[in-house]
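Peer 1: I have a structure I would like to understand better, so I am pasting it below and will then ask my questions one at a time.
Derivation of every value follows stated rules applied to the coordinates shown; laboratory data play no part. This structure is a prediction, so every number in the text was calculated from the model and none was measured. Cβ sites come from the backbone with ideal geometry, for glycine too, and all protein chains shown count toward neighbours.
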Amino acid sequence: MGRVYTKDPINPNHYTDMVISPREYNIANKLGWDEGNVIKYVSRHQTKNGREDIEKAIKYCQLILERYDLGDEICTQKES
């Protein structure tokens, strides 16, 4: 029996087939938008858009680095 594809735009198979979805992971770890997108694109690249998803993840990593360069206090906070 082959894979059954859902037409649910919020929970497509490339997320529901995972043990924990990127959304659940991001919420549980209180990740920001850019960090969450890195997790999302890296998690799905093998089952959705391949190289394009990795390129998107890299772009979001670059945006995070830019925030460090600008002194974004969220990036520079240290755990106590």
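Peer 1: So which pairs qualify, if the first residue must be in segment 31-54 and within 20 Å of L65 (Cα to Cα), the second must be among the acidic types (D, E), the Cβ gap must be under 7 Å, and the two must be at least 6 apart or on different chains?
Peer 2: Y41/D53
Yes/no matrix, rows are residues, columns are (1) out of contact with any Pro (no Cβ under 8 Å at 6 or more places or on another chain); (2) surrounded by 16 or more Cβ atoms within 10 Å (Cβ to Cβ); (3) of a type outside the set (A, V, I, L, M, F, W, C):
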site: N26; (1), (2), (3): yes, yes, yes
site: N29; (1), (2), (3): yes, no, yes
site: S43; (1), (2), (3): no, yes, yes
site: I54; (1), (2), (3): yes, no, no
site: D72; (1), (2), (3): yes, no, yes
site: C75; (1), (2), (3): yes, yes, no
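Peer 1: Return yes when I64 is touching a residue at least 24 places away in the same chain (Cβ under 8 Å), at negative phi and β-branched (V, I, T) and no when it is not.
Peer 2: The answer is yes for I64.
Peer 1: Here's another thing I want to ask about it. Looking at segment 14-64 only, could you name the residues that are part of a loop (DSSP other than H, G, I, E, B) and under 17 Å from I74 (Cα atoms)?
Peer 2: N29, K30, L31, G32
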